[in-house]
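Novice: Okay, handing you the structure first.
The values are calculated or read from the model by the stated rules, or taken from the named source; none is laboratory data. Because the structure is a prediction, the values reported are computed rather than measured. Please note: Cβ atoms are built from the backbone with ideal geometry, for glycine as well, and neighbour counts cover all protein chains shown.
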Amino acid sequence: MSTPKRTPAEAALTDLVLDVFRLSSRMLAAGDKLVADLGLTSARWQILGSIVTSGRAQPVAWLARDMGGNRQNVQRIVNDLEQEGFVEFQPNPHHRRAQLVVLTDKGKKAFDAAMRLQARWANELTEGLRVEDIATTRSVITALRKRLEATGDTDEQV
């Protein structure tokens with residue numbers, strides 16, 4: 001079997017993917033540090049954000065789907081959030097076993113505080129970067145994600 005010839009686009013994508021992996025690790029570590037005093041981690045913060053942006057109470061499976069995550073991982077984190085009072089489970093009128101996940105007042109306050117910290121941090125991090133460059137980067141990443149989703153080549157995990 002012969003090795004496919006590397007094209008300039010393939011080489012550029014490979015470099016981008018490696019940088020995205022490194023960026024992801026650093027972003028998660030920075031997020032953990034940013035919200036640690038709030039009793040959150042990056043993963044917990046991400047789930048709270050998914051609940052907030054959904055605009056309605058949803059079961060864990062829907063949150064996981066919206067996040068592109070693994071249901072079992074999201075369930076474990078939601079259970080931790082529930083034990084610490086950030087979320088609560090409410091009955092789901094459409095499905096007896098799939099309870100709805102709802103933010104508590106403590107969860108809302110923690111999420112709002114995290115977002116205030118994030119705004120300051122993001123402003124510092126983006127200093128000197130052009131908004132157009134950030135938007136282009138996001139556009140490329142979004143296009144790649146959509147292509148992977150369309151082909152089923154994602155192994156949805158948080």
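Novice: Does GLU149 satisfy the criteria of being part of a loop (DSSP other than H, G, I, E, B), of a type in the set (D, E, K, R), at pLDDT below 95 and within 17 Å of the chain's Cα centre (by Cα)?
Specialist: Numbers: part of a loop (DSSP other than H, G, I, E, B): no; of a type in the set (D, E, K, R): yes; at pLDDT below 95: yes; within 17 Å of the chain's Cα centre (by Cα): yes.
No.
Novice: Quickly run through the stretch 121-154 and pick out the residues that are under 23 Å from LEU34 (Cβ atoms) and surrounded by fewer than 10 Cβ atoms within 10 Å (Cβ to Cβ).
Specialist: ASN123, GLU124, GLU127, GLY128, VAL131
Novice: Okay, moving on. Mind listing whichever residues of the stretch 31-74 are without any contact (Cβ under 8 Å) to a residue 24 or more places away in the chain and β-branched (Val, Ile, Thr)?
Specialist: THR41, THR53
Novice: Now a separate question. Of all residues being over 25 Å from GLY31 (Cα atoms) and surrounded by 13 or more Cβ atoms within 10 Å (Cβ to Cβ) in the stretch 60-105, which is farthest from the chain's Cα centre (by Cα)? Just the residue, please. Spell out the reasoning first.
Specialist: If we filter the stretch 60-105 for residues that are over 25 Å from GLY31 (Cα atoms), which is where we start, we get 89-100.
Narrowing the set further to residues that are surrounded by 13 or more Cβ atoms within 10 Å (Cβ to Cβ) leaves 89, 92, 98-100.
Numbers: PHE89: 21, ASN92: 24, ALA98: 22, GLN99: 21, LEU100: 19 Å.
Here the residue is ASN92.
Novice: Check the stretch 30-44 and report whether any residue there is more than 14 Å from the chain's Cα centre (by Cα), basic (Lys, Arg) and at pLDDT 95 or above.
Specialist: yes
Novice: Could I ask something else about it? Please work out if ALA110 is surrounded by 13 or more Cβ atoms within 10 Å (Cβ to Cβ) and small (Gly, Ala, Ser).
Specialist: Working: surrounded by 13 or more Cβ atoms within 10 Å (Cβ to Cβ): yes; small (Gly, Ala, Ser): yes.
Criteria met by ALA110.
Novice: Within the stretch 91-144, count every residue that is hydroxyl-bearing (Ser, Thr, Tyr) and more than 20 Å from ASP19 (Cα to Cα). Quick ask: steps written out before the conclusion?
Specialist: Narrowing the stretch 91-144 to residues hydroxyl-bearing (Ser, Thr, Tyr): 104, 126, 136-137, 139, 142.
Filter again for more than 20 Å from ASP19 (Cα to Cα), leaving 104.
Residues in the stretch 91-144 being hydroxyl-bearing (Ser, Thr, Tyr) and more than 20 Å from ASP19 (Cα to Cα): 1 in total.
Novice: Now for a different question. In the stretch 43-56, how many are of a type outside the set (S, T, N, Q) and surrounded by fewer than 19 Cβ atoms within 10 Å (Cβ to Cβ)?
Specialist: Step one: list which residues in the stretch 43-56 are of a type outside the set (S, T, N, Q), which gives 43-45, 47-49, 51-52, 55-56.
Those still in the list that are surrounded by fewer than 19 Cβ atoms within 10 Å (Cβ to Cβ) too: 49, 52, 55-56.
Adding up the residues that qualify gives 4.
Novice: Here's another thing I want to ask about it. Just a yes or no: is a residue in the stretch 91-109 closer than 21 Å to MET67 by Cα and assigned to a helix (DSSP H, G or I)?
Specialist: Within the stretch 91-109, one or more residues are closer than 21 Å to MET67 by Cα and assigned to a helix (DSSP H, G or I).
Novice: Still on this structure, please answer the following. Which residue out of LEU16, LEU48 is under 27 Å from GLN83 (Cβ atoms) and either in a helix (DSSP H, G or I) or not aromatic (Phe, Trp, Tyr) (or both)? I'd like the intermediate steps shown before the answer.
Specialist: On the way: LEU16 fails: under 27 Å from GLN83 (Cβ atoms).
Result: LEU48 is the single residue among LEU16, LEU48 that is under 27 Å from GLN83 (Cβ atoms) and either in a helix (DSSP H, G or I) or not aromatic (Phe, Trp, Tyr) (or both).
Novice: Cβ-Cβ below 6 Å, separation at least six or inter-chain, first residue in the stretch 87-108 and free of Cβ contacts under 8 Å to residues at least 60 places away in the same chain, second in a loop (DSSP other than H, G, I, E, B) and among the hydroxyl-bearing types (Ser, Thr, Tyr): which pairs?
Specialist: Once the first residue is free of Cβ contacts under 8 Å to residues at least 60 places away in the same chain and sits in the stretch 87-108, its partners that are in a loop (DSSP other than H, G, I, E, B) and among the hydroxyl-bearing types (Ser, Thr, Tyr) give GLU88/THR104.
Novice: So, one more: Among the residues that make up the stretch 77-90, is at least one of them of a type outside the set (Lys, Arg) and within 24 Å of LEU23 (Cα to Cα)? First the steps, then the outcome.
Specialist: Quick first cut of the stretch 77-90, residues of a type outside the set (Lys, Arg) only: 77-90.
Okay, now just the ones that are also within 24 Å of LEU23 (Cα to Cα), so 77.
Yes, the conditions are met somewhere in the stretch 77-90.
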